[in-house]
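Trainee: This is the structure I want to talk about, given as structure tokens.
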Amino acid sequence: PSYLVREDSHKLSTAPDNKLTIVEFLDFECEACGANYPDVEKIRAEYGDKITFVTRYFPLSNHRNAQLAAQSVEAAGRQGKFEEMYQKMYE
């Protein structure tokens, strides 16, 4: 649906048939998001050519650096380095 995947949403991969899309709402300071990162990477490695992976920011207000982290990743994305910064944030 267009309300989940917007024109400015970052796509980590795009499936040719576009039948299945996973939208990840993330907070780079969130421990659960960080713990989930290796699983997302495994799914991407195995099914990346069959699934469209989309990321969306969801910085939680109780995470002091979450908004700044999202802005940093967005700035990297504007320079064509979104995925590299996305990975660095979790590593």
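Trainee: When you scan the range 21-39, do you find a residue that is in contact with an Asp or Glu (Cβ under 9 Å, 6 or more places away or on another chain) and open to solvent by 90 Å² or more (accessible area, probe 1.4 Å), even just one?
Mentor: Taking every residue of the range 21-39 in turn, none turns out to be in contact with an Asp or Glu (Cβ under 9 Å, 6 or more places away or on another chain) and open to solvent by 90 Å² or more (accessible area, probe 1.4 Å).
Trainee: Just the residues that are assigned to a helix (DSSP H, G or I) and either open to solvent by less than 60 Å² (accessible area, probe 1.4 Å) or under 13 Å from Lys11 (Cα atoms) (or both), please, taken from the range 41-52.
Mentor: Matches in the range 41-52: Glu41, Arg44.
Trainee: Could I ask something else about it? Select from the range 1-31 the residues that are assigned to a loop (DSSP other than H, G, I, E, B) and closer than 19 Å to Ala45 by Cα and write down the one among them that is nearest to the chain's Cα centre (by Cα).
Mentor: Thr14
Trainee: Looking at the range 53-91 only, could you name the residues that are touching a Phe, Trp or Tyr at 6+ places or on another chain (Cβ under 8 Å), touching a residue at least 60 places away in the same chain (Cβ under 8 Å) and crowded, with 17+ Cβ neighbours inside 10 Å?
Mentor: Met89
Trainee: Moving to a separate point now. Would you confirm whether any residue within the range 74-88 is over 13 Å from the mean Cα position of the chain (by Cα) and among the polar types (S, T, N, Q)?
Mentor: yes
Trainee: Among the residues of the range 53-91, write down those that are small (Gly, Ala, Ser), closer than 21 Å to Asp8 by Cα and part of a loop (DSSP other than H, G, I, E, B).
Mentor: Gly80
The values are calculated or read from the model by the stated rules, or taken from the named source; none is laboratory data. Remember, it's a predicted structure, so these values are computed and weren't measured experimentally. Counting neighbours? That spans all protein chains shown, and the Cβs are built from the backbone with ideal geometry, glycine included. Heavy atoms of the whole protein, side chains included, go into the accessibility calculation; ligands, DNA and RNA do not. Shrake-Rupley method; radii C 1.70, N 1.55, O 1.52, S 1.80 Å.
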